[in-house]
Amino acid sequence: MWAIVLFGVLLWTTVCVVLNAALRRGMGIMGLVLSYAVLAWMVFDLPLVEALITWSLFAVLGGMLTSVYELWARRRYAGTGRRPRPILRLTGLILWPAMVPDAFGLMLNDAGIIPADERSETHQEDTLRITGEMTAASKRG
């Protein structure tokens, strides 16, 4: 049951993050706080080992998702000057409720499924292209 509750919080946060780019950071923080509230409730209601195993399982799966995104982004943006981010993060065990929606949103941004925001690689590419065009246009004129 607790895995379903954590999955529901994660799904709700992910949908909010993906569909509302303007509130992306705030929604991630709200999901983080809500997930920790669920963890506190789990520790109170379940044996400690079961609560920590459930939490750790979500953390590992979330870490795998963010690692897959980073590997994909490294391959896609190879040679563009994009600095690679770490594939494995120790902070992921603590921050996974915010990292998973963020990684999922960036995947959809970079795939062109949803509009890009300032954090996505697609937006950064567009900005460089636009500023490059603006620089070239200003040199001509």
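The values are calculated or read from the model by the stated rules, or taken from the named source; none is laboratory data. Here the structure is a predicted model, which is why all the values come from computation and not from measurement. Note that each Cβ is placed from the backbone with ideal geometry, even for glycine, and that neighbours are counted across all protein chains shown.
Identify, please: which residue in segment 71-93 is within 22 Å of THR14 (Cβ to Cβ) and in contact (Cβ under 8 Å) with a residue 24 or more places away in the chain and is, among those, farthest from the chain's Cα centre (by Cα)? Here the answer is ARG76. Of everything listed in (1) within 30 Å of VAL33 (Cα to Cα); (2) modelled with pLDDT of 70 or more; (3) of a type outside the set (Phe, Trp, Tyr), the single unmet condition for SER120 is (2).
The listed residues are TRP12, TRP55, TRP41, and the only one of them that is more than 26 Å from ILE114 (Cβ to Cβ), of a type in the set (A, V, I, L, M, F, W, C) and surrounded by 15 or more Cβ atoms within 10 Å (Cβ to Cβ) turns out to be TRP55.
For ALA103, state whether it is touching a Gly at 6+ places or on another chain (Cβ under 9 Å), assigned to a helix (DSSP H, G or I) and of a type in the set (A, V, I, L, M). Yes, satisfied.
With respect to LEU108, is the statement that it is modelled with pLDDT of 85 or more and assigned to a helix (DSSP H, G or I) true? Considered against the rule, which asks whether it is modelled with pLDDT of 85 or more and assigned to a helix (DSSP H, G or I), LEU108 comes out as no. Could you check, for segment 80-90, whether at least one of its residues is surrounded by 12 or more Cβ atoms within 10 Å (Cβ to Cβ) and either assigned to a helix (DSSP H, G or I) or among the acidic types (Asp, Glu) (or both)? Looking for residues that are surrounded by 12 or more Cβ atoms within 10 Å (Cβ to Cβ) and either assigned to a helix (DSSP H, G or I) or among the acidic types (Asp, Glu) (or both), one finds none in segment 80-90, hence no. Taking SER67 and the conditions (1) under 17 Å from the mean Cα position of the chain (by Cα); (2) within 25 Å of PHE7 (Cα to Cα); (3) in contact (Cβ under 8 Å) with a residue 24 or more places away in the chain; (4) surrounded by 13 or more Cβ atoms within 10 Å (Cβ to Cβ), which numbered condition does it fall short on, given that it satisfies the others? Of everything listed in (1) under 17 Å from the mean Cα position of the chain (by Cα); (2) within 25 Å of PHE7 (Cα to Cα); (3) in contact (Cβ under 8 Å) with a residue 24 or more places away in the chain; (4) surrounded by 13 or more Cβ atoms within 10 Å (Cβ to Cβ), SER67 misses just condition (3).
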